[in-house]
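Participant: Dropping the structure in here first, questions after.
The values are calculated or read from the model by the stated rules, or taken from the named source; none is laboratory data. Owing to the predicted nature of the structure, the values given are computational and were not obtained by experimental measurement. With ideal geometry, Cβ positions are generated from the backbone for all residues, glycine too; neighbour counts draw on all protein chains shown.
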């Protein structure tokens, strides 16, 4: 049963690369479309807020559909939207090209996670989702930095054009090799799935995801700009730095998958504590090769781990509705991503790039406090008929 998970992991690479590739392309897009960096950063906010607003509803609705056909449809939509982005003549069309795939991302990620957990069982949810998450980490290891390198060599439109072709190729692979899934039970109704929102513990975990991702993306959204303007790196060197950042995430993905199965909240606190160290140390060490490498490495390990840890936390809190719980985490995470991009843009305008790490650390410290509070209580289980 490993092949379906590997195929979904490969598809997940394309889905998450579509969301985050823009991080490395922001400076080029801003110059070409004649907007400021904070204005270009609103493309990140648009994508994230769309996921947050529509993700849970779309996931709950789409849970009734056969998985193979659904996943293929999502990838075709991603291929078309990336092609539109490659041809966007202005920021308005570019915004539309970012809006469309934002509707499909939470559906794919939540239901792919549920499929993986169904294969291995809930006791090994972390390891199963880590395999799906490997595609996400590869998006940061290869997708984002290679997109940056392609942008530097051939222009940012070429990066989106190539990503469009990859999305269509992955759809074809799923069509040929992914077996059709048999829904063993009728999916719960929309109303019954939304009952889990009554749980105070679930609400707390959603808030925790918002804080964690707000902190991460206050700084990460503008990492390429930090490396260009503060470190003085060209586009090629920025691409290699982002690749190193993502490569460190491979370690984080493995560590996160193991730690979250033992104690989700403790794993969250540990990785958050190290994340603060990495983000705060980045700018002071920006002109030291070893210091910069260490800061980026710590940041890369912990950020990748927290993607996985946050996702599994919500699934474990509501095992009676894992796909819907996963969609709630995706919504909360993307709300945090959008807020982080907004806050980061505001910080750049008022305090400068050098203050991003400290502002981001404030969110992460708040998440550690909240995780400590969540360890003190449990809410009653909400049954879904």
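Participant: Only one residue in 230, 202, 208 is crowded, with 24+ Cβ neighbours inside 10 Å, at pLDDT 85 or above and under 24 Å from residue 337 (Cα atoms), so which one is that?
Facilitator: None of the others qualify; the one that does is 208.
Participant: Taking residue 215 as the residue in question, decide whether it is under 20 Å from residue 345 (Cα atoms), surrounded by 24 or more Cβ atoms within 10 Å (Cβ to Cβ) and in contact (Cβ under 8 Å) with a residue 40 or more places away in the chain.
Facilitator: Working: under 20 Å from residue 345 (Cα atoms): yes; surrounded by 24 or more Cβ atoms within 10 Å (Cβ to Cβ): yes; in contact (Cβ under 8 Å) with a residue 40 or more places away in the chain: yes.
Answer is yes for this residue.
Participant: Out of the range 256-291, which residues are assigned to a helix (DSSP H, G or I), surrounded by fewer than 16 Cβ atoms within 10 Å (Cβ to Cβ) and modelled with pLDDT under 90?
Facilitator: 258, 262
Participant: Something else: What about residue 306, is it surrounded by 24 or more Cβ atoms within 10 Å (Cβ to Cβ), modelled with pLDDT of 90 or more and either touching a helix residue (DSSP H, G or I) at 6+ places or on another chain (Cβ under 9 Å) or not in a helix (DSSP H, G or I) (or both)? Steps first, answer last, please.
Facilitator: Working: surrounded by 24 or more Cβ atoms within 10 Å (Cβ to Cβ): yes; modelled with pLDDT of 90 or more: yes; either touching a helix residue (DSSP H, G or I) at 6+ places or on another chain (Cβ under 9 Å) or not in a helix (DSSP H, G or I) (or both): yes.
So residue 306 passes the test.
Participant: So, residue 51, is that one at pLDDT below 90, under 17 Å from the mean Cα position of the chain (by Cα) and closer than 16 Å to residue 160 by Cβ or not? Reasoning before the result, please.
Facilitator: Numbers: at pLDDT below 90: yes; under 17 Å from the mean Cα position of the chain (by Cα): yes; closer than 16 Å to residue 160 by Cβ: no.
Against the criterion (at pLDDT below 90, under 17 Å from the mean Cα position of the chain (by Cα) and closer than 16 Å to residue 160 by Cβ), residue 51 does not qualify.
Participant: Same structure, new question: When you scan the range 314-335, how many residues do you find that are within 16 Å of the chain's Cα centre (by Cα) and surrounded by fewer than 24 Cβ atoms within 10 Å (Cβ to Cβ)?
Facilitator: Within the range 314-335, residues that are within 16 Å of the chain's Cα centre (by Cα) and surrounded by fewer than 24 Cβ atoms within 10 Å (Cβ to Cβ) number 1.
Participant: Between 39, 34, which is in contact with a helix residue (DSSP H, G or I) (Cβ under 9 Å, 6 or more places away or on another chain) and on the phi > 0 side of the Ramachandran plot? Write out each step before concluding.
Facilitator: Values: 39 fails: on the phi > 0 side of the Ramachandran plot.
After ruling out the rest, the residue left standing is 34.
Participant: Do you know which of the residues in the range 352-364 that are more than 12 Å from residue 212 (Cα to Cα) and in contact with a helix residue (DSSP H, G or I) (Cβ under 8 Å, 6 or more places away or on another chain) is modelled with the lowest pLDDT?
Facilitator: First, pick out the residues of the range 352-364 that are more than 12 Å from residue 212 (Cα to Cα): 352-359.
Add one more test, that the residue is in contact with a helix residue (DSSP H, G or I) (Cβ under 8 Å, 6 or more places away or on another chain), and what stays is 353, 355-359.
Values: 353: 89, 355: 92, 356: 93, 357: 92, 358: 95, 359: 95.
Among residues in the range 352-364 that are more than 12 Å from residue 212 (Cα to Cα) and in contact with a helix residue (DSSP H, G or I) (Cβ under 8 Å, 6 or more places away or on another chain), the one modelled with the lowest pLDDT is 353.
Participant: Then there's this: Would you say residue 69 is under 30 Å from residue 317 (Cα atoms), more than 20 Å from the chain's Cα centre (by Cα) and at pLDDT 85 or above?
Facilitator: Values: under 30 Å from residue 317 (Cα atoms): yes; more than 20 Å from the chain's Cα centre (by Cα): yes; at pLDDT 85 or above: yes.
Spelling it out, residue 69 is indeed under 30 Å from residue 317 (Cα atoms), more than 20 Å from the chain's Cα centre (by Cα) and at pLDDT 85 or above.
Participant: If we scan the range 112-129, do we find a residue that is at pLDDT 90 or above, over 21 Å from the mean Cα position of the chain (by Cα) and surrounded by fewer than 17 Cβ atoms within 10 Å (Cβ to Cβ)? Steps first, please.
Facilitator: Start the filter on the range 112-129 by keeping residues that are at pLDDT 90 or above, which leaves none.
Scanning the range 112-129 turns up no residue that is at pLDDT 90 or above, over 21 Å from the mean Cα position of the chain (by Cα) and surrounded by fewer than 17 Cβ atoms within 10 Å (Cβ to Cβ).
Participant: Which one is surrounded by the most Cβ atoms within 10 Å (Cβ to Cβ) among residues in the range 336-370 that are free of Cβ contacts under 8 Å to residues at least 24 places away in the same chain and in a helix (DSSP H, G or I)? Talk me through it step by step, then tell me what you get.
Facilitator: First, pick out the residues of the range 336-370 that are free of Cβ contacts under 8 Å to residues at least 24 places away in the same chain: 350-352, 355, 369.
Those left that are additionally in a helix (DSSP H, G or I): 350, 355, 369.
Values: 350: 8, 355: 15, 369: 11.
The extreme case among them is 355.
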